[in-house]
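Down below is the structure, laid out as structure tokens.
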Amino acid sequence: MFVINCKNYEEISGDKIIKFVKTAEKISKKYKVKIAISPPQHLIGLVASSTIPIFAQHIDDSKIGSTTGFIIPELLKKSKVKGSLINHSEHRISSKEIERLILKLKELKMVSILCVKDVAEVKKYVKLNPDYIAIEPSELIGSGKAVSKEQPELISKAASIINNSKNKTKLLCGAGIVSGEDVAKAIELGSKGILVASGIIKAKDWNKIISEFAKALV
Ligand code: G3P
């Protein structure tokens, strides 16, 4: 799977998110590659009924009903959102919240993608059995220097911890990935997909770059 985190980039603001998601839908169908998108939180309802999975960028451990300004999975599910990133390095939360949110997504049959910064966190959180663990060294985020080339051992170590755990968690990796070659290298090292943002969102031709990434995953 390849997950595109749109963050709060201006390039996908307003109606532009619709065009972006439609481009990804077409490519996902053409190459039979699973592409998921995390739009900015306030735009999620605009694209949640797409044919490709839409994930939140963050969820809160807050209750249904009289709570204000929180994003909660129960309501996201009712809007057809399929899951969420948890603990992205730009939105870290406590381990207690991580535990509760993974559990909540499981109960709701929604997909959890837990972001971690290093191998120690892979070891710590694999026990919670999230659907995906995405390893991203924060210093490479947005740098254009791919984790798969700069820190290959990080991916192979994370892959071996997850494989040895024998649970169903799959590994994703991200940070600085900007080309099909970076994607292919990540897969070669044991990642089952990637988590990407600027390399796609800020590219001039979305169709071209998403296709390049998709082909590297086929
Ligand atoms: O969530 C994806 C992310 O943090 C990686 O960002 O811009 O380096 O692809 P980027």
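Each value in this text was obtained by applying a stated rule to the coordinates, not by laboratory testing. The shown structure was predicted, so the numbers you read here are calculated from the model rather than taken from an experiment. All Cβ positions, glycine included, derive from the backbone under ideal geometry; neighbour counts span all protein chains shown.
Mind listing the Cα extents of region 2-216 along all three principal axes, in Å, largest one first?
Per principal axis, max minus min of the Cα coordinates gives 48, 40, 29 Å.
Using a Gaussian network model of the chain whose springs link C-alpha atoms within less than 10 Å, name the residue from Gly142, Gly176, Gly65 with the highest mean-square fluctuation.
Most flexible of the set in this elastic network: Gly65.
Can you give me the span-like helices of the chain, meaning DSSP H runs with 30 Å or more of Cα extent along the axis and Kyte-Doolittle mean at or above 1.6?
Length and hydropathy pass: none found.
Of Thr51, Thr68, Thr23, how do they rank once you tally other Cβ atoms within 10 Å and put the fewest first?
Exposure proxy ranking, most exposed first: Thr68, Thr51, Thr23.
How large is the helix-only mean residue ellipticity at 222 nm for the chain, computed as the sum of -39500 (n - 2.57) over DSSP H runs with n ≥ 4, divided by its residue count, in deg cm²/dmol to the nearest 500?
Calculated from helices alone, the mean residue ellipticity at 222 nm is -11500 deg cm²/dmol.
Out of Leu172, Leu140, Leu85, any idea which swings most in a Gaussian network model of the chain, alpha carbons joined below 10 Å?
So, out of Leu172, Leu140, Leu85, the one fluctuating most is Leu140.
For the residue pair Asp205 and Ser179, what label-to-label distance in nm results when each label sits 7 Å from Cα along the Cα-to-beta-carbon direction?
Going by the 7 Å Cα→Cβ label model, 1.6 nm.
Sticking with the crude label model, points 7 Å out along Cα→Cβ, report the distance from Lys166 to Leu103 in nm, one decimal please.
With each label point 7 Å from Cα toward Cβ, the separation is 2.4 nm.
For Glu121, Glu153, what's the fewest-to-most ordering of other Cβ within 10 Å of each Cβ?
Exposure proxy ranking, most exposed first: Glu153, Glu121.
Can you put Tyr9, Tyr132 in order, fewest other beta carbons within 10 Å first?
Fewest to most other Cβ atoms nearby, the residues stand as Tyr9, Tyr132.
Counting only C-alpha contacts under 8 Å and six or more residues apart, can you give the relative contact order of region 2-216 as a whole percent?
19 percent
Give me the extension gain from Lys80 to Ser62: residue separation times 0.36 nm, minus the current Cα-Cα distance, reported in nm with one decimal.
4.6 nm
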